[in-house]
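Read through the structure below, which is laid out as structure tokens, and then see the notes.
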Amino acid sequence: MMGKFVWTAGGALLCAATVCSAAQSLRIGLQEDPDTLDPVRARTYVSRIVFTSLCDKLVDIDQKLQFVPQLAQSWAWGPDHKTLTFKLRTDVVFHDGTPFNAEAAKANLERALTLKGSQRRNEIKSIESIETPDAGTLVLHLAQPDATLLAQLSDRAGMMLSPKSFADGDPSTVSRHPVCSGPYEFVKRVQNDRIELKKFDRYYDAKDFHFDRVVFLPIPDTTVRLQNLRSGGIDILERLNPSDIKEVKGDASLKFNPVTGLGFQEVIFNIGNGPAAKDNPFANKLVRQAFQLTIDRDAINQVVGNGIYEPAQQPFPPASPYHNDKYPPMKPDIAKAKALLKQAGFTTVEANFSFGNTTISASIAEMLQAMAAQAGIRLNLRPTEYAAMLSEEAAGNFQVDMRGWSGRVDPDGNIFVFVTCDGSLNDGKYCNPKVDELLKQARTVLDVEGRKAVYGQAQDILQQDLPKFYIYYQPWPFATRKQVQGFKPYPDGMIRLRGVSLS
């Protein structure tokens, strides 16, 4: 950690005075190191932060979660809602100098649909065929109406890479050196240390981006991350430790920039993914239900969250029109938890509990461990580097994990891939055909109330089967140096650098 601190402080010496005039650099402190830098295969929140500066998408969102143009200037649904036509910008080039056009967009979407290991396949699987009538027109023909598609294309599924960069078919080529069309281009990555980008001067809106270099620094320790912010080693800190909020608010050299997010923190169980599931007591839903009844979400909010970790019982936050008042956060009931364990044939159970090796995650894990122990559930804590933990999850090498989800604009993004039988993030391999049927149906319903009713039916099942449970809704507490001007937090937690500067 100290080596990283010295390096970032040294990086600040690019500016000899408080105000930098010619070559400005921005340093962003991340809570974890991203996984792959291939948008089609990436899974982590912090990778999305990096991609926001690196890879433009077909569509973006504004601070009010409305869809706005990015690579697509406009879009229109056909009368049957099975055709979506985009009019594309014609002044865009990729970082390798090749033009962005409809054929390039088609190549990217086809790669997301066909690449082995694609995390985006299920997100856009409604696309049946793609037409490119001309360089500026992209037409998506769908197998059925898809209420989620525009939201998916405002995220990683809509991020465009230069087709030349993936022409060899080797996914590692992209992850080693992603070639996109965003305001900044890739320079280098040192694993678990930094990712460096430089300004792309041929970007169509280059005048609105004021840094010559952007450096992302993974610093899992919240204390060290805040020290870096104070010293000028970093300029923006994502996910401030809630216990430091008061301190940051009282520091005239810093600014606190919170925003309510769309995501959640969850506990997931290995129910059917490989050999680890066979010995997992949580493969029994009664044991899962018992565990949930030991959890005091209010205590976690107050002790760890300093009041900003709003307790969660469902995947849709209160700001979402799909939030269901039928499912308020459960209160702990130790007697009932013990009764459920007994009904399952146990008096005590033991399992390994994995979580990201950050200060906040460790604090929550320790609280969960103590709470569960009251009912006879023993959790062996396994702190793990976050990207490595996700890889182990996908391989089935876990019993119980705690992980975060940054949330999506469309409700489908908070539920479908996690609990459907073939969901790309269903690492516990829970499978209920009725849930699949309902969540697929919800994708085709375009009016909010009708769609909310379908989600309600699915939640009736999921709240009982409990393949996972939610702890709190994820806020995005950003902190910046006071010299950072023009920074605006967004509900999706992304760091958008248009108009941001250092004074």
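The values are calculated or read from the model by the stated rules, or taken from the named source; none is laboratory data. All values reported here derive from a predicted model rather than from experimental measurement. Reconstructed Cβ throughout: ideal geometry from the backbone, glycine too, with neighbour counts over all protein chains shown. Remember, those area values only see protein heavy atoms, side chains included, never the ligands or the DNA or RNA. Shrake-Rupley method; radii C 1.70, N 1.55, O 1.52, S 1.80 Å.
Is it true that Phe316 is crowded, with 16+ Cβ neighbours inside 10 Å, aromatic (Phe, Trp, Tyr), within 24 Å of the chain's Cα centre (by Cα) and closer than 16 Å to Glu266 by Cα? So Phe316 passes the test.
Each row is one residue, and each column tells you yes or no for (1) without any contact (Cβ under 8 Å) to a residue 60 or more places away in the chain; (2) surrounded by 16 or more Cβ atoms within 10 Å (Cβ to Cβ).
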| residue | (1), (2) |
| --- | --- |
| Pro275 | no, no |
| Asn280 | no, yes |
| Asn284 | no, yes |
| Ala290 | no, yes |
| Pro311 | no, yes |
| Lys326 | no, no |
| Gln343 | yes, no |
| Asn357 | no, yes |
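Considering the range 477-503, and only residues there that are among the aromatic types (Phe, Trp, Tyr) and farther than 20 Å from Lys199 by Cβ, the residue that is surrounded by the fewest Cβ atoms within 10 Å (Cβ to Cβ) turns out to be Tyr490.
Just one of the listed residues (Gln474, Gln399, Gln459, Gln464) is in contact with a Gly (Cβ under 8 Å, 6 or more places away or on another chain) and either modelled with pLDDT of 95 or more or open to solvent by 10 Å² or more (accessible area, probe 1.4 Å) (or both), namely Gln474. Just to be sure I understand, how many residues within the range 464-496 are closer than 20 Å to Val417 by Cβ, charged (D, E, K, R) and assigned to a loop (DSSP other than H, G, I, E, B)? Number satisfying all stated conditions: 1. If you go through the range 409-419 and keep only what is of a type outside the set (Phe, Trp, Tyr) and either within 15 Å of the chain's Cα centre (by Cα) or surrounded by fewer than 23 Cβ atoms within 10 Å (Cβ to Cβ) (or both), you end up with Val409, Asp410, Pro411, Asp412, Gly413, Asn414, Ile415, Val417. In summary, Ala147 fulfils each of the numbered conditions (1) closer than 20 Å to Val68 by Cβ; (2) buried (at least 22 other Cβ atoms within 10 Å of the Cβ) with the single exception of condition (2).
Sort out which residues of the range 83-123 are in a strand (DSSP E or B), open to solvent by 30 Å² or more (accessible area, probe 1.4 Å) and within 21 Å of Tyr184 (Cβ to Cβ), and write them in order of number. Selection gives Pro99 alone.
Considering the range 160-250, the qualifying strands (runs of 3 or more DSSP E), each wholly inside and each with 2 or more residues that are open to solvent by 40 Å² or more (accessible area, probe 1.4 Å), run over 184-190, 194-199.
Of the residues making up the range 377-390, those that are open to solvent by 20 Å² or more (accessible area, probe 1.4 Å) and within 30 Å of Gln343 (Cα to Cα) are Arg378, Asn380, Leu381, Arg382. Residue pairs whose Cβ atoms lie under 6 Å apart, separated by 6 or more positions or on different chains, with the first residue in the range 467-491 and farther than 11 Å from Thr260 by Cα and the second open to solvent by less than 10 Å² (accessible area, probe 1.4 Å) and in a strand (DSSP E or B), are Lys468/Glu266; Lys468/Ile268; Phe469/Val267; Tyr470/Phe264; Tyr470/Glu266; Ala479/Leu237; Thr480/Ile236; Phe487/Thr480. Within the range 60-82, being aliphatic (A, V, I, L, M), open to solvent by less than 50 Å² (accessible area, probe 1.4 Å) and more than 24 Å from Leu262 (Cβ to Cβ) holds for no residue.
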